[in-house]
Amino acid sequence: MKKNKKFLTKDAVSSEKLERGLHHWLSTPEFTGSDQFISVRVEVEVGNGHPFHRHPDMEEIIYVLSGRAEQWLEDEKKVLERNEAAFIPENMVHATYNVGEEPLIFLAILSPAKDLEDSMVDVSKEEPWCNLKNES
């Protein structure tokens, strides 16, 4: 796929409302032609989040732009605030929840670029993940 230089203006960025938040797709193979990474700006409403899941063949960085994220890396959690980040190795179970009083906005960068829905394995209904957040 040919890679094209692009200015990612607000009119050019593709936005999609998903159950887990509003996604502004900055770089995908279809949009930029890059097979190196996916970049998405995510807005999560108070109390909502990305339930426990893993990406078997992708690494991820989550960088908080505003708000407060309860970030889980397997069974360990930390509240991340503005300008803090988490690195998630491939196949590691993780989750991100908005625990603040305002929208959580973060940038997620995943590599290599793949179809995210097909490369995301939801484990939120499996033990121990289905009860982990409630126990904390």
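A short reminder: the numbers here are calculations on the coordinates, not readings from a lab. Bear in mind the structure is a predicted one, so any value in this text is a computation, not a measurement. Methodologically, a virtual Cβ is constructed for each residue, glycine included, from the backbone with ideal geometry; neighbour enumeration extends over all protein chains shown.
Of note:
- Phi-based couplings in Hz for region 111-126 (Karplus 6.51, -1.76, 1.60; Gly and Pro marked x): 8, x, 6, 9, 5, 4, 5, 6, 9, 10, 9, 6, 10, 5, 9, 9
- Among 27, 14, 66, residue whose mean-square fluctuation peaks in a GNM of the chain (springs only between Cα atoms under 10 Å): 14
- When 97, 63 are sorted by how many other C-beta atoms sit within 10 angstrom of their C-beta, beginning with the fewest, the order is 63, 97.
- Rounded to two decimals, the Cα radius of gyration of region 9-81 over 2.2 N^0.38 Å is 1.20.
- Using a Gaussian network model of the chain in which every pair of alpha carbons under 10 angstrom is joined by a spring, one finds that among 108, 69, 12 the greatest mean-square fluctuation is at 12.
- Length gained when the stretch residue 61-residue 12 is fully extended (0.36 nm per residue, less Cα-Cα span): 15.3 nm
- With θ taken as phi - 60° and the Karplus curve 6.51 cos²θ - 1.76 cosθ + 1.60 applied, the whole-hertz 3J(HN,Hα) list for region 59-68 is 9, 8, 10, 10, 10, 7, 8, 7, x, 10 Hz, x standing for glycine and proline.
- D by Stokes-Einstein for the chain, Kirkwood Rh over Cα pairs, 37 °C, 0.692 mPa s: 215 µm²/s.
- For the pair residue 76 and residue 124, a Förster radius of 22 Å applied to the C-beta separation gives a FRET efficiency near 0.85, rounded to the nearest 0.05.
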